[in-house]
Amino acid sequence: MIKIVTDPSWKERIGNYVKKKTHFQENYKDDFSFIGFVENDTIMAGMLFTDFDGYNIWVHLSIESPRIVKRSYIKLMFDYCFNQLNCGRMTAMCRDGYLRNERLLKGVGFIKEGVIRESMKIENTYYNGALYGILKNECKWIK
């Protein structure tokens, strides 16, 4: 059974998990909030939230398997950003053309806003990043 973790004792482990898999910039150190999804002490998924400026927040998501993506977890992410933090916008980026990630983002309501050329470094090669955003008034997951 998967449990949701937000306890500070998990912050470093969840942070390292997401950073490694999402080609996250290392300079964030501990300046992020997170939600982790753990099964038998194994991290199955994690979300990091960074660069909150009072209106916009960046979300970084990594999952081990599509079975992790449940409606209640999607609602949790949007509730945290839009209701608890009162964000007006969420921003995400994935490797352009990586269909699994792009389908997930579009499927939950993010809109592809453009491509940032050669912005993602993966194993010493730069790839284009697909920029996605969703506004609070567009989100079907919150009330």
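The values are calculated or read from the model by the stated rules, or taken from the named source; none is laboratory data. Fair warning: this is a prediction, and the values are worked out from it, not measured in the lab. So basically every Cβ, Gly included, is an ideal-geometry build from the backbone, and we count neighbours across all protein chains shown.
Only one residue in Arg89, Arg95 is in contact with a Leu (Cβ under 6 Å, 6 or more places away or on another chain), of a type outside the set (Phe, Trp, Tyr) and at pLDDT 90 or above, so which one is that?
Details: Arg95 fails: in contact with a Leu (Cβ under 6 Å, 6 or more places away or on another chain).
Exactly one of Arg89, Arg95 is in contact with a Leu (Cβ under 6 Å, 6 or more places away or on another chain), of a type outside the set (Phe, Trp, Tyr) and at pLDDT 90 or above, namely Arg89.
Every residue, every condition in (1) surrounded by fewer than 13 Cβ atoms within 10 Å (Cβ to Cβ); (2) farther than 28 Å from Asn86 by Cβ; (3) touching a residue at least 40 places away in the same chain (Cβ under 8 Å), yes or no:
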residue: Arg103; (1), (2), (3): yes, yes, no
residue: Gly107; (1), (2), (3): yes, no, no
residue: Phe110; (1), (2), (3): no, no, no
residue: Arg117; (1), (2), (3): yes, yes, no
residue: Met120; (1), (2), (3): no, yes, yes
residue: Tyr126; (1), (2), (3): yes, yes, no
residue: Tyr132; (1), (2), (3): no, no, yes
residue: Leu135; (1), (2), (3): no, no, yes
residue: Cys139; (1), (2), (3): no, no, yes
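Restricting to segment 35-78, and then to whatever is surrounded by fewer than 15 Cβ atoms within 10 Å (Cβ to Cβ) and polar (S, T, N, Q), can you tell me which residue is farthest from Lys19 (Cα to Cα)?
Top of the filtered list is Ser72.
Failed condition for Lys121, given (1) modelled with pLDDT of 90 or more; (2) over 16 Å from the mean Cα position of the chain (by Cα); (3) basic (Lys, Arg), with all others met?
(1)
Asn56 - would you say it is of a type in the set (S, T, N, Q) and on the phi < 0 side of the Ramachandran plot? Steps first, answer last, please.
On the way: of a type in the set (S, T, N, Q): yes; on the phi < 0 side of the Ramachandran plot: yes.
Yes: the conditions hold for Asn56.
Filter segment 79-91 down to residues that are within 21 Å of Lys19 (Cα to Cα) and not aromatic (Phe, Trp, Tyr), then give me how many there are.
Quick first cut of segment 79-91, residues within 21 Å of Lys19 (Cα to Cα) only: 80-81, 90-91.
From what is left, the residues that are not aromatic (Phe, Trp, Tyr) are 81, 90-91.
Going through segment 79-91 one residue at a time, the tally reaches 3.
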